[in-house]
Amino acid sequence: MTLQAVSAVSNSSLLQPGFSLLNFGGHVFFFGQKGWPKRSCPTGVFLLDLRQNELKMKSVFFSKDSCYLPPLRYPAVCMLRVNAESDEHQYIIHGGKTPNNDLSDKVYIMSLVSKNSKKHTFQCVEKDLGGDVPEARYGHTINVVHSRGKTMSVIFGGRSYTPLAQRTTEKWNSVVDCLPSVFLIDFEFGCCTSYILPELQDGLSFHVSVAKNDTIYILGGHSLQNNTRSPRLYRLKVDLPLGSPAVTCTILPGGVAVSSAIVTQTSDTEFVLVGGYQPDNQKRLVCNTIVLENNKIEIVECTSPDWTTDIKHSRMWFGCDMGKGSVLLGIPGANKHLISDANYFYILRCKGAEEDKEEELTAQICSQTLTEDPGDSTPFEDSEEFFLSTEINSFDVDDTDTYNEDDEKDESETGYWITCSASCNVDINTWVPFYSTELNKPAMILCSSGDTHWVHAQCMDLSESTLLHLSEANVKYFCNEHVDLNKGLQTPKKMMPLKKQPMKPLHKKTTMKRTTHVKKSFLRRLFE
């Protein structure tokens with residue numbers, strides 16, 4: 001194994017724990033940026049250009065018939081081949097977190113529709129599901145299985161918010177393990193079926209799952225309920241006859257108690273397990289080889305790379321599988337106690353140069369990473385690992401249209417968790433709902449002063465009735481710091497025009513008398 005440092009050029013702040021990687025046509029694409037997409041790349045999907053150990057980003061485009069795809073972090077992602085004879089494939093994306101910490105229960109299908117040296121165009125379609133639809137979640141896995149000429153997807157694990165009926169003020173935004181149900185999904189017809197297996201007693205998240213043919217192996221993971229990392233190894237076998245599908249589970253010996261691990265494939269039957277965290281909340285610097293042969297799995301310890309001092313001393317790390325035995329690893333910058341935008345990245349190659357050649361990767365990999373605090377470090381959430389089949393140094397794209405984050409506003413200046421005023425006391429780690437309309441983010445209102453800015457309604461001491469009135473009425477609002485400005489800019493009250501009193505009409509007899517008098521005067525002057 002070899003470890004090589006990579007320089008992120010002016011875009012490392014977008015590469016935060018929770019991102020995803022997709023592979024189309026020998027190119028790796030980044031998805032799941034920090035914050036909402038900006039005008040430089042409204043799709044939120046980037047081509048990763050890695051040349052001469054420098055990492056750059058180039059924005060990509062969506063077709064006109066595509067749906068909106070939010071920047072989801074910690075979703076479940078796997079590759080789905082169109083047919084066995086073709087290399088054409090799509091990606092399935094399920095669940096994940098939005099930048100507002102809302103959880104998604106939607107399923108998206110991503111495919112590449114056109115490409116050239118300067119432009120890649122994707123199609124994103126939202127898939128409707130029926131039946132036992134999985135609830136919104138993150139930190140779970142999705143795999144594709146093949147049996148008797150049929151293909152289906154399997155979803156397992158993850159975390160979700162506490163159900164509304166069980167929420168309290170103190171634990172309004174707390175998360176819980178999803179029930180250990182296995183969901184079998186037929187994307188051709190959009191049907192979902194859930195299975196409860198007696199061998200699966202505890203919910204798991206940020207585990208590793210490796211699938212081959214009709215079998216899925218689930219390794220490690222973290223349970224919030226027990227606060228443990230499972231040492232068990234599960235084997236799920238899916239049979240797809242003409243009638244109802246059958247799903248069975250077997251507990252196997254030889255598991256590894258690890259969470260947030262990364263799996264990369266080095267051959268048709270061999271994988272390497274890298275990174276993650278041990279039961280004592282320490283980084284797991286040991287690597288393992290996973291061999292799948294003859295419907296059996298074997299996990300053995302292998303030689304670990306020569307980790308750098310920065311990696312050894314870092315309290316946390318995250319990364320993704322880049323395919324063909326290569327892994328992208330990231331650690332925080334110099335500030336050890338605050339999550340900084342300055343991350344350092346490395347490429348770990350688990351294969352020798354003589355083995356690094358084009359090969360068909362037949363197994364589907366989808367692993368998740370942990371969202372917890374290892375020891376005394378700041379809470380964090382690691383990324384998912386995905387099945388990719390690209391040469392990491394094979395990028396040959398034009399440098400034009402490279403994303404430059406300096407053109408955009410700092411993400412810390414936007415969102416629900418900003419410091420809205422000098423007296424702002426809203427903290428993402430301690431905030432609890434104050435108004436009945438709030439769920440997992442604070443209510444905000446726009447101040448109309450100057451360039452306009454958003455403030456928290458609670459920081460402005462607004463009552464709920466006033467907040468509802470302002471949200472429904474078409475009036476301008478000025479925050480406590482700009483209320484004096486409001487007095488000087490008030491629009492003058494509209495003055496009603498004065499009503500003119502109509503003239504009273506003359507009486508008919510009076511009118512006739514005046515007419516006769518005028519005529520007599522005229523005739524007298526005429527004959528004089």
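The values are calculated or read from the model by the stated rules, or taken from the named source; none is laboratory data. Bear in mind that the values here come from a model prediction, so they are computed numbers and not experimental data. For neighbour counting, all protein chains shown are included, and Cβ atoms are generated from backbone atoms with ideal geometry for every residue, glycine included. With ligands, DNA and RNA removed, areas are computed over all heavy atoms of the protein, side chains included. Shrake-Rupley method; radii C 1.70, N 1.55, O 1.52, S 1.80 Å.
Would you point out which residue out of L200, L273 is closer than 24 Å to G131 by Cβ and out of contact with any helix residue (DSSP H, G or I) (no Cβ under 6 Å at 6 or more places or on another chain)? I'd like the intermediate steps shown before the answer.
Working: L273 fails: closer than 24 Å to G131 by Cβ.
Of the residues listed, the single one that is closer than 24 Å to G131 by Cβ and out of contact with any helix residue (DSSP H, G or I) (no Cβ under 6 Å at 6 or more places or on another chain) is L200.
Only a single item in (1) closer than 30 Å to S314 by Cβ; (2) open to solvent by 30 Å² or more (accessible area, probe 1.4 Å); (3) modelled with pLDDT under 90; (4) not basic (K, R) is not met by L242, and it is number (1).
Annotation: V144 fulfils all but one of (1) farther than 20 Å from E199 by Cα; (2) within 18 Å of the chain's Cα centre (by Cα); the unmet one is (2). Among the residues of the range 126-147, those that are outside any loop (DSSP other than H, G, I, E, B) and open to solvent by 60 Å² or more (accessible area, probe 1.4 Å) comprise E126, K127, G131, H146. Residues in the range 148-166 that are over 20 Å from S223 (Cα atoms) and assigned to a loop (DSSP other than H, G, I, E, B): R148, G149.
If I filter the range 59-95 down to residues being open to solvent by less than 10 Å² (accessible area, probe 1.4 Å) and part of a strand (DSSP E or B), which single residue comes out as farthest from M322 (Cα to Cα)?
H94
Got a sec? Which of F206, F183 is modelled with pLDDT of 95 or more and among the hydrophobic types (A, V, I, L, M, F, W, C)?
F183
Yes or no: the range 291-304 includes at least one residue that is touching a helix residue (DSSP H, G or I) at 6+ places or on another chain (Cβ under 9 Å) and surrounded by 12 or more Cβ atoms within 10 Å (Cβ to Cβ). Before you say what the answer is, go through the steps one by one.
Of the residues in the range 291-304, the ones touching a helix residue (DSSP H, G or I) at 6+ places or on another chain (Cβ under 9 Å) are none.
Checking the range 291-304: not a single residue is touching a helix residue (DSSP H, G or I) at 6+ places or on another chain (Cβ under 9 Å) and surrounded by 12 or more Cβ atoms within 10 Å (Cβ to Cβ).
Evaluated against (1) at negative phi; (2) open to solvent by less than 40 Å² (accessible area, probe 1.4 Å); (3) modelled with pLDDT under 95, K150 falls short on exactly one condition, (2).
Listed here are the residues, each with its yes/no results for (1) among the hydroxyl-bearing types (S, T, Y); (2) more than 23 Å from V208 (Cα to Cα); (3) modelled with pLDDT under 95.
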{"residue": "L103", "(1), (2), (3)": "no, no, yes"}
{"residue": "K106", "(1), (2), (3)": "no, no, yes"}
{"residue": "S114", "(1), (2), (3)": "yes, yes, yes"}
{"residue": "K119", "(1), (2), (3)": "no, yes, yes"}
{"residue": "Q123", "(1), (2), (3)": "no, yes, yes"}
{"residue": "K127", "(1), (2), (3)": "no, yes, yes"}
{"residue": "G130", "(1), (2), (3)": "no, yes, yes"}
{"residue": "E135", "(1), (2), (3)": "no, no, yes"}
{"residue": "G139", "(1), (2), (3)": "no, no, yes"}
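Restricting the range 248-272 to residues that are open to solvent by 20 Å² or more (accessible area, probe 1.4 Å) and assigned to a strand (DSSP E or B), the residue that is farthest from L348 (Cα to Cα) is T248.
Confirm whether T169 is open to solvent by 10 Å² or more (accessible area, probe 1.4 Å), touching a residue at least 12 places away in the same chain (Cβ under 8 Å) and assigned to a loop (DSSP other than H, G, I, E, B).
Details: open to solvent by 10 Å² or more (accessible area, probe 1.4 Å): yes; touching a residue at least 12 places away in the same chain (Cβ under 8 Å): yes; assigned to a loop (DSSP other than H, G, I, E, B): yes.
Taking the combined requirement at face value, the residue satisfies it.
Using the structure shown, decide if T43 is touching a residue at least 40 places away in the same chain (Cβ under 8 Å) and either of a type in the set (D, E, K, R) or open to solvent by 30 Å² or more (accessible area, probe 1.4 Å) (or both). Spelling it out, it is not the case that T43 is touching a residue at least 40 places away in the same chain (Cβ under 8 Å) and either of a type in the set (D, E, K, R) or open to solvent by 30 Å² or more (accessible area, probe 1.4 Å) (or both).
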